[in-house]
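Q: One structure is given below, represented as structure tokens, and several questions about it will come after.
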Amino acid sequence: METSTYDIHLCSLTEWSVRHIRDIFEASTDEQSLRAISTTFAEDLDASVNGAPLTREGIKQLVLAMRRSSPRGLNVEWLQAVEASSDPTTNRGGSFGGVYVIRGIQKTIPGFSRPVDFERHKTVTVKIASQSSSLHFDSRRIVNLVFVASDNRVDRQASL
């Protein structure tokens, strides 16, 4: 009896990262966003935001809060990305760094009668690793994450 072994071709770490981050922030529902978080970050994730430790649960709470502050939905624009695959023939792991902007955030601030538009600017560095030795499916997850983020008010006059 012949057994077929099929090894999937994995996309680059950049393609994987861009798709997964968009799936998290641009998902149609909170449930889809939470599902995307579970397929992006390892259970034992080691992470920090602006120098403070962050758990996977903390990431969920940050994402959900951001989504709730966005009545029209969030949009991710990547400005820069760089990767270093541990093995370029398989792309099963390595390092990735990038800069992106999340648009669509609204905040209520004192002195304004309506919510004000903000953008979140993020710089991230991550380590991505396969969670299984099987070559038959994509088990990559972010195992280490360091990001710096700041919210910047959108100046509507500048865009007119």
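Q: With every protein chain left in place, what is the accessible area per residue of segment 32-160 in square angstrom, probe 1.4 Å?
A: Using a 1.4 Å probe on heavy atoms only, each residue of segment 32-160 averages 57 Å².
Q: I've got another one for you. What is the Cα radius of gyration of segment 75-153 over 2.2 N^0.38 Å, N being its residue count?
A: Taking N as the residue count of segment 75-153, the ratio is 1.50.
Q: Work out how much length Ala149 to Ser113 would gain on full extension: take 0.36 nm times their residue separation and subtract the Cα-Cα distance, in nm to one decimal.
A: Contour length minus Cα-Cα distance gives 10.3 nm.
Q: Shape of the chain from its Cα gyration tensor (a ≥ b ≥ c, root eigenvalues): rounded if a/c is under 1.5, otherwise prolate when a/b > b/c, or oblate?
A: prolate
Q: About the Cα centre, and with charges only on the beta carbon of Lys, Arg (+1) and Asp, Glu (-1), how big is the dipole of segment 1-124? Nearest 20 debye, please. Don't skip to the end; give the middle numbers.
A: Working: 14 positive and 16 negative charges, 166 e Å.
Result for segment 1-124 is approximately 800 debye, rounded to the nearest 20.
Q: Can you tell me which aspartates and glutamates have their Cα less than 12 Å from the Cα of Lys60? Leave out same-chain residues fewer than eight positions away.
A: By straight Cα distance, Lys60 reaches Asp30, Glu31.
Q: Which value at 222 nm does the chain reach when only helices count, each DSSP H run of 4 or more adding -39,500 (n - 2.57), with the total divided by all residues and rounded to the nearest 500 deg cm²/dmol? Intermediate values should be presented prior to the final figure.
A: Numbers: 4 runs with 39 residues, N = 160.
About -7000 deg cm²/dmol.
Q: Report, to the nearest 10°, how far helix 13-25 tilts away from the longest principal axis of the Cα atoms in the chain, using its own Cα long axis and a range of 0 to 90°.
A: The helix 13-25 is inclined about 40 degrees to the chain.
Q: Compute the helix-to-body angle for 56-68: its Cα long axis versus the longest principal axis of the chain, expressed 0 to 90° and rounded to tens.
A: Value to nearest ten degrees: 40.
Q: Taking loop as defined by DSSP and a crowding limit of 16 other beta carbons within 10 Å, which chymotrypsin sites (Phe, Trp or Tyr not before Pro) in segment 1-103 fit?
A: Tyr6
Q: Cα to Cα, under 13 Å, and not fewer than 8 places away if on the same chain: which aspartates and glutamates meet these conditions relative to Lys122?
A: Glu77, Asp151
Q: Can I ask one more? Run the Debye formula on the Cα coordinates of segment 1-73, all scatterers equal and no solvent, and tell me log10 I(q)/I(0) at q = 0.24, 0.26, 0.28 1/Å.
A: -1.17, -1.26, -1.32
The values are calculated or read from the model by the stated rules, or taken from the named source; none is laboratory data. Worth saying up front: this structure is predicted, and the values here are computed from it rather than measured. Don't worry about glycine lacking a Cβ; one is built from the backbone with ideal geometry, like all the others, and counts go over all protein chains shown. The area values use the complete protein model at the heavy-atom level, side chains included, leaving out ligands, DNA and RNA. Shrake-Rupley method; radii C 1.70, N 1.55, O 1.52, S 1.80 Å.
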